[in-house]
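I have placed the structure first, in the form of structure tokens, so that the comments after it can refer back to it.
We did not get these values from a lab; they are worked out from the coordinates using the rules stated. Bear in mind that the values here come from a model prediction, so they are computed numbers and not experimental data. Ideal geometry is used to build each Cβ from the backbone, glycine not excepted, and the neighbour counts take in all protein chains shown.
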Amino acid sequence: MSMAQAYQVFLTALDVYGFAAVESGTNVKIIPNAQARSAGLPIVETFNNPDADNSELVLHVIKVNNISANEVVTILRPLVPQTGHLGAFPSSNSVIIADRANNINRLSKLINYIDSTGDLDIEVIALTHATADDVVSVLQPLLKSGKSSSDIAGMSINFATDARSNSILMTGNEEKRA
């Protein structure tokens, strides 16, 4: 295990116990998660490796082009933990997120997807007796094997999962989602 990987394990362990590491100059402060978002988090403009599992607390601003930033905040609010922050900046139509880098990365992919398709409806389905990843892994092969001409005409549905809230995010035609 490299030092960078060990540090990520350390950050994850801190998160499990409700703490965060926030860099302050050459020092690292260990503070409760609830105080971390107002403790001078670094602003990350772009993620170097978007697939990396990084548990560092950061701020990120995402410019939205095709839909209202307020709508994005309303849709994504359940996917941000209480210790994180999600807000809209209407004058520039941007979304501001303070959270763990891995969650921001996931939310940023979702925002880009929503924004690129314009008037996309997203349905959030919270699960209580099964894990979201398991349900989606069962559903996706069933939907792929049952492709019809209506799927080609833009009536397909897509799934994403949120492990934090154990929810499935479903997009696509309202009739197909029902």
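Can you tell me the order of 134-144, 71-81 when each peptide is scored by its average per-residue count of other Cβ atoms within 10 angstrom, highest first? Let's see the in-between values first.
Details: 134-144: 12.3, 71-81: 17.1.
Put in order of decreasing packing, that is 71-81, 134-144.
So, in nm, how far is label Leu143 from label Arg77 when the simple model puts each one 7 Å beyond its Cα toward the Cβ? For the pair Leu143/Arg77, the computed spacing is 2.6 nm.
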